[in-house]
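Just so it is clear, none of the values below were taken in a lab; they were calculated from the coordinates. Treat the numbers as computed from the prediction; the structure is a model and nothing was measured. Cβ coordinates were reconstructed from backbone atoms using ideal geometry, including for glycine residues, and neighbour counts include every protein chain displayed.
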Amino acid sequence: MTEFLTDMMLRMNVGGTVENWNVPDFGNEYATKYPHEKEQIRYLNSAKSSLKSLQIVEKFIDKDMDEPDPEHIFKRWRECSDTLFKFLSSPRQIGDIFTGKTKEPYVGDKGRGALSFSNMPKQSLALDKGRVHVAVGFVDLDFLLRARILQNKNSIEQPNKFIGYEGSVYAVAKTNVIKEMMMKKAPIRSIIEVWFSTVWTMETLKHFENAIKNVLQYGNAPNGSPPNPTKNVLHPRVRSLISHWVKSVGSPKSRQEAHRLWTKTFNSEDSVFAVVANLIEQRDRVQAARYILTGEFPLMDDQHQNNLIASIAMFKCNDGIFPHSTSEFIFEMMPMDVILKNCKREDTTFLNAIYKFLEDAIAKVCNWLSPPVGKTEKIEIYLHFQSVTNDNSALLASIHKLDPWTMSWSNICDYFYAPDFHKLLQACSGKDTVHVMTSMNWILEIYGAHIMDYGSKYRREIISNAQKMISSTGALLDPSGYFRYTKVITHPYNIGDLGATMLVKEKWRDYFLKGQKLNVGEVSFEPFAHTHKIHALLNIYFTYNKDIKVCTEWL
């Protein structure tokens with residue numbers, strides 16, 4: 001019915017402001033390969049109808065709202081506080097900062113938060129040989145997938161050290177297991193399955209079991225004080241989870257149960273289906289839909305049913321830890337600007353392009369952990385369950401003593417007011433530390449980062465400029481054309497917001513860095529990709545040492 005009404009409104013289109021997107025019929029395409037999966041086919045048909053209905057939003061881009069819409073305000077600002085309404089009702093200009101934004105603590109769940117994997121692409125960073133990198137809020141090892149170890153004047157003849165601190169018990173436990181699998185040269189496919197997939201082969205279960213037993217040989221971390229940063233030690237809660245996995249390997253859930261638990265966290269209106277719709281090839285749409293519906297990566301259709309089990313790491317946890325408790329997909333963390341440039345649509349499917357990137361990148365990290373004869377790049381990885389906050393002065397002093405060459409902060413800047421965040425970074429910094437981070441939520445702090453913040457007479461031009469940017473980005477980063485870059489199938493606000501954020505980025509940058517004595521490397525947008533959960537990611541890096549020039553070409 002939704003699709004029928006949408007088609008009728010498009011046919012009655014007055015003024016010609018809405019152009020038919022021609023959304024592919026990916027539900028019926030899926031049915032050609034999986035004809036017996038009636039429920040999944042209905043689900044995909046519903047997703048297609050939801051995407052088609054978004055075209056109608058285009059009709060309202062030129063309309064100004066007479067009264068504030070509380071639902072729109074909440075979606076736009078993610079709060080409906082008195083402070084926000086006071087800000088919105090006061091005289092304001094494009095670029096004004098909402099300084100009263102409510103900030104949620106990033107460790108508010110007492111360590112039970114559990115992302116299965118990162119939800120955004122990381123920057124490519126050069127690690128000077130022999131130096132220390134500290135990763136705060138690391139989630140997994142995706143930061144190392146694009147990293148390079150360089151020999152230069154700053155190098156030291158010793159192994160690099162990657163020291164991670166995380167407020168999630170699950171992230172520390174699972175990533176230590178993956179590290180052990182890498183060190184023992186488990187098959188790359190098994191590492192990928194443990195890291196990303198809802199379903200494992202029996203071979204992967206064997207390598208997982210070996211790895212968790214190895215991790216349990218680590219020493220004990222103190223419960224009430226910072227751990228030794230360069231020792232393999234486990235917090236009691238991390239040890240408890242891994243011990244639970246040891247007990248669970250003999251009673252895994254089924255493949256079908258994995259699929260059911262996976263799909264509980266999203267519905268047919270989830271924005272991830274726009275990834276499917278914007279793919280050019282039918283084969284890629286079917287495979288992407290299959291991944292979304294099952295969480296299998298790689299897809300397991302070529303495996304015998306008796307050889308498959310549900311992921312122990314994803315579906316067998318204790319102490320109230322629930323991985324995949326919200327919608328999450330592998331697409332969101334993939335650096336599409338790297339993947340799509342290195343593959344040709346005619347030769348390689350979309351999912352295989354992702355797999356090839358992971359295969360090569362993980363093999364590189366495996367060789368860093370256990371270098372082949374003749375290789376000089378070597379890295380040691382230490383991962384700790386610790387919350388890096390201004391209240392944890394002993395931990396901050398411990399990090400400072402490491403004299404980190406680089407520090408990555410994921411999107412932790414989103415959970416702090418700017419002055420408090422800079423205070424935290426300065427307490428951790430060594431003399432020459434370069435800090436790297438990404439903001440996902442900066443658009444919630446500035447007026448003008450959303451297309452509907454602008455008067456109706458300006459919106460079409462902003463959207464037009466954004467569409468031109470998307471087209472040029474696609475030609476550069478996706479030369480063989482895996483995706484469409486004209487008539488993009490997405491909520492019209494997503495296109496408009498791309499243009500809007502370009503107009504206010506510098507204003508937010510000035511606010512975030514205000515009053516700080518530092519050298520800024522760059523504050524820049526992550527290149528557009530259909531797979532991003534948020535299309536206005538800001539990559540930021542700088543140092544508090546005014547004598548250092550941050551070399552942007554290395555990042």
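With helices defined as uninterrupted DSSP H runs, which ones in the chain have an alpha carbon span along their own long axis of at least 24 Å and mean Kyte-Doolittle hydropathy of at least 1.0?
Flagged H segments: there are none.
Neighbour counts of other C-beta atoms within 10 Å: give me LYS549, LYS487 arranged from fewest to most.
LYS549, LYS487
Rounded to the nearest 20 Debye, what is the dipole magnitude of region 264-383 about its Cα centre when Lys and Arg each give +1 and Asp and Glu each give -1 at the C-beta?
Taking the Cα centre of region 264-383 as origin, the dipole is about 200 debye.
Mind jotting down the distance between the C-alpha centroids of region 250-277 and region 411-467, whole Å?
A separation of 31 Å, based on Cα centres.
Sorting HIS259, HIS133 on the 10 Å Cβ count, fewest up front, what's the list?
Arranged by neighbour count, lowest to highest, HIS259, HIS133 become HIS259, HIS133.
Considering only HIS535, GLN303, PHE329, whose Cα is most displaced toward the positive end of the charge dipole of the chain, charges sitting on Cβ of Lys, Arg (+1) and Asp, Glu (-1)?
The Cα lying farthest towards the positive end belongs to GLN303.
5 Å is the cut-off here: which amide hydrogens, built 1.01 Å from N in the peptide plane, fall below it relative to LEU150, excluding neighbours closer than 5 in sequence?
Sorted by chain and number, the residues that satisfy this are LEU127, ASP128, LYS129.
Which Cα, out of SER155, VAL134, LEU145, lies furthest along the positive dipole direction of region 104-208 (beta carbon charges, K/R +1, D/E -1)?
Result: SER155.
Using 0.36 nm per residue of separation minus the Cα-Cα distance, give me the extension gain between ASP547 and PHE60 in nm, one decimal.
170.2 nm
Name the residues of region 21-64 whose amide N is less than 20 Å from a point 7 angstrom out from the Cα of GLU281 along the C-beta direction?
24-34
Just subtract the alpha-carbon distance of LYS184 and THR99 from 0.36 nm times their residue separation and send over the number in nm, one decimal.
Stretched out fully, the LYS184 to THR99 stretch lengthens by 25.7 nm.
For the chain, what does the helix formula give at 222 nm: sum of -39500 (n - 2.57) over DSSP H segments with n ≥ 4, over the residue count, nearest 500 deg cm²/dmol?
-12500 deg cm²/dmol
So how much slack lies between LYS423 and SER464, counting 0.36 nm per residue of separation and subtracting their Cα-Cα distance, in nm?
Here the answer is 10.7 nm.
Would you mind working out the magnitude of the charge dipole of region 312-395 relative to its Cα centre, with +1 at each Lys and Arg C-beta and -1 at each Asp and Glu C-beta, to the nearest 20 Debye?
Here the size comes out at about 300 debye.
Tell me, what is the FRET efficiency for ASN267 and LYS431 to the nearest 0.05, using R0 = 51 angstrom and their Cβ-Cβ distance as r?
After rounding, the FRET efficiency stands at 0.50.
Taking the beta-carbon count within 10 Å as an exposure proxy, list MET407, MET202 from fewest neighbours to most.
MET202, MET407
Between ASP82 and SER243, with labels modelled 7 Å along Cα→Cβ, what's the label distance in nm to one decimal, could you check?
It works out to 4.9 nm between the two label points.
Using a simple charge model, +1 on the beta-carbon of Lys and Arg, -1 on the beta-carbon of Asp and Glu, nothing else, what dipole does the chain show about its Cα centre, in debye to the nearest 20?
I would put it at about 1240 debye.
Got the relative contact order for the chain handy, in percent, Cα pairs under 8 Å and 6 or more residues apart?
Result for the chain is 21 percent.
List every residue whose amide H lies under 5 Å from the amide H of VAL199, counting only residues 5 or more places away in sequence or on a different chain, with H placed 1.01 Å from N in the peptide plane.
PHE297, SER311
If I model a spin label at GLN151 and SER251 as a point 7 Å from the Cα along the Cα→Cβ vector, what separation in nanometres do I get?
5.5 nm
What residues have an amide H closer than 5 Å to that of ALA135, excluding those fewer than 5 places away on the same chain, when H is modeled at 1.01 Å from N in the peptide plane?
Correct list: ILE163, GLY164, TYR165, SER408.
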